[in-house]
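Participant: Attaching a single structure in structure tokens format; questions to follow.
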Amino acid sequence: MTWTCPRCDRSFGVKRAHVCEPGLPVEVRLEAFDEPQRKAAEKILAIVRKHRDLIIEAVGVGIFVKRARNVLEL
């Protein structure tokens, strides 16, 4: 079961405290990574994007890959 925050419309696996923060374009978040991290993240995201049931969400603290719950955090 997931919970969607009524303020920021982000979905979480459970209702919890979080910082309501609008999402960013993934490319913008990738620019904040240093080069080795960015290259690794781009390779991982290329694989993740092949799976239509996964959600990619970029926020200030990183990039989340999830379904009903977080699967991976970059």
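The values are calculated or read from the model by the stated rules, or taken from the named source; none is laboratory data. Because the structure is a prediction, the values reported are computed rather than measured. Positions of Cβ are generated from backbone atoms using ideal geometry, with glycine treated the same way; all protein chains shown enter the neighbour counts. Just so you know, the surface numbers come from the protein's heavy atoms only, side chains and all, with ligands and any DNA or RNA stripped out. Shrake-Rupley method; radii C 1.70, N 1.55, O 1.52, S 1.80 Å.
Participant: Can you list residues from other chains, or at least 5 along the same chain, whose modelled amide H is less than 5 Å from the amide H of Val59?
Facilitator: Close amide H contacts, sequence-distant or interchain: Leu24, Phe64.
Participant: Moving on to the next point. On the protein heavy atoms, probe 1.4 angstrom, tell me the percent of accessible surface of segment 1-48 carried by carbon and sulfur. Spell out each step's value before the answer.
Facilitator: Working: 2010 of 3530 Å².
Heavy-atom surface of segment 1-48 belonging to carbon and sulfur, 1.4 Å probe: 57 percent.
Participant: In addition: Considering only protein heavy atoms, what per residue accessible area in square angstrom results for the chain with a 1.4 angstrom probe?
Facilitator: Values: 5350 Å² over 74 residues.
Computed with neighbouring chains in place, this is 72 Å² per residue.
Participant: Same structure again: May I ask for the angle, rounded to the nearest 10°, between helix 35-48 and the longest principal axis of the chain, with both axes built from Cα atoms and the value confined to 0 to 90°?
Facilitator: Helix 35-48 sits roughly 60 degrees off the main axis of the chain.
Participant: Also: Run the count for the chain, please: Lys pairs, Cα-Cα under 19 angstrom, 8 or more apart or on different chains.
Facilitator: Values: Lys15/Lys66; Lys39/Lys50; Lys43/Lys66; Lys50/Lys66.
For the chain, the number of qualifying lysine pairs is 4.
Participant: Run the simple label-point estimate for Asp34 and Val71 please: 7 Å along Cα→C-beta, distance reported in nm.
Facilitator: 2.9 nm
Participant: More than 21 angstrom separation, counting every C-alpha pair in the chain; what % is that?
Facilitator: Numbers: 699 of 2701 pairs.
Beyond 21 Å sits 26 percent of the P(r) for the chain.
Participant: For Glu21 and Lys43, what does the FRET efficiency come to when R0 = 30 Å and r is the distance between their Cβ atoms, rounded to the nearest 0.05?
Facilitator: Values: r = 26 Å, r/R0 = 0.86.
With R0 = 30 Å, the Cβ-Cβ based efficiency is 0.70.
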